[in-house]
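Colleague: Quick one: structure below, then a few questions.
Every number in this text was worked out from the coordinates using simple rules, so none of it is lab data. Just so we're clear, the structure is a prediction, and the values are computed from it rather than from any experiment. Note: ideal-geometry Cβ built from the backbone for every residue, glycine included; neighbour counts use all protein chains shown.
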């Protein structure tokens, strides 16, 4: 963000202008009251004034986004900021995953209204501006497989393609259900490294997710054989969003409570 470092912002007091310049020098497009306290004392009144004048946009209590200088206060009402950029400031450590990453990688055309954020600590979901932010608490052994990606000048942690598939098989309820996951796999199977997906699932320690992968690839006619020989004896659910009723698949030890049929997806 390029801003003057000495010139006063038009229409702002010296204190308001100083705060915006100081935050911009630190490249803080999103900031908290604590961040502001590093530059001025008791910043709440200044922040309230900046918000009222349209120079900053309130995201949630105590968190704000600076409206770019080129937009100016007149464009504040139309100013938008990428949901993933907001998400990157809501938890630490974190990565964008599940249905959100599925869409980001082009594995689904469905655009989820909720941003799914993997983290290590439980956190209540939030509504910021027009989006919902849902936090999925993971154990440390499942918290891996993400990379930093540039979005709007920010470095955002997003699960890689194969970890996204593995996560969605682990928790289909965070990806629109198992049919959405299966459809994503079927239409993009030539681009997916299934060996890597299987290794990720093995590392995560969820054999039911591995069973789901095997059942889906077999049902969709995808040429991939699960290398893991020992699968758990108990029956797991194919889909975590559907009722616990259906038929039992003896080979994959799954209760098939959702139909997986590529013929249904053709249009």
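Colleague: Per 10 Å bin, what is the whole-percent P(r) computed from every C-alpha pair distance within the range 84-265?
Modeller: Once binned at 10 Å, the Cα pair distances of the range 84-265 give 10, 39, 35, 14, 2, 0.
Colleague: Compute the Kirkwood hydrodynamic radius of the range 14-81, taking the inverse of the mean of 1/r over all pairs of distinct Cα atoms, and give it in Å to one decimal. Working shown, then result.
Modeller: Details: mean 1/r = 0.0850 Å⁻¹.
Computed over Cα pairs of the range 14-81, the Kirkwood hydrodynamic radius comes out at 11.8 Å.
Colleague: Could you give the angle, 0 to 90 degrees to the nearest 10, between helix 207-219's Cα long axis and the longest principal axis of the Cα atoms of the chain?
Modeller: Orientation of helix 207-219: about 70 degrees from the principal axis.
Colleague: In addition: Treating the angle as unsigned and between 0 and 90°, give the value, to the nearest 10°, between the Cα long axis of helix 161-170 and the longest Cα principal axis of the chain.
Modeller: So the helix axis and the longest Cα principal axis differ by about 70 degrees.
Colleague: Considering every pair of different Cα atoms, what Kirkwood radius, in Å, is found for the range 153-245? Please list the in-between numbers first.
Modeller: Working: mean 1/r = 0.0732 Å⁻¹.
By the Kirkwood definition, the hydrodynamic radius is 13.7 Å.
Colleague: What full-extension length gain, to one decimal in nm, is calculated for residue 42 and residue 130 as 0.36 nm per residue of separation minus the Cα-Cα distance?
Modeller: 28.7 nm
Colleague: Assuming a ≥ b ≥ c are the square roots of the Cα gyration tensor eigenvalues, decide whether the range 217-267 counts as rounded (a/c under 1.5), prolate (otherwise, with a/b larger than b/c) or oblate.
Modeller: oblate
Colleague: Over the range 14-81, what is the mean sequence separation of C-alpha contacts under 8 Å (at least six apart), divided by residue count, expressed as relative contact order in percent?
Modeller: Relative contact order of the range 14-81: 28 percent.
Colleague: Still on this structure, please answer the following. Multiply the residue separation of residue 61 and residue 144 by 0.36 nm, subtract the distance between their alpha-carbon atoms, and state the gained length in nm to one decimal.
Modeller: That works out to 26.9 nm of additional length.
Colleague: Please figure out what share of the DSSP beta bridges in the range 60-172 is antiparallel and state it in percent, rounded to the nearest 5.
Modeller: Rounded to the nearest five, the antiparallel share is 65 percent.
Colleague: Determine, from the Cβ-Cβ distance of residue 137 and residue 193 and an R0 of 35 Å, the FRET efficiency 1/(1 + (r/R0)^6), rounded to the nearest 0.05. Before the final figure, lay out each step's value.
Modeller: Details: r = 27 Å, r/R0 = 0.77.
My answer for the efficiency is 0.80.
Colleague: A further question follows. For Cα pairs less than 8 Å apart in space and 6+ apart in sequence, what is the mean separation divided by the residue count of the range 84-265, i.e. the relative contact order in percent?
Modeller: Worked out over the range 84-265, it gives 17 percent.
Colleague: Treating the angle as unsigned and between 0 and 90°, give the value, to the nearest 10°, between the Cα long axis of helix 14-25 and the longest Cα principal axis of the chain.
Modeller: Helix 14-25 sits at roughly 40 degrees to that axis.
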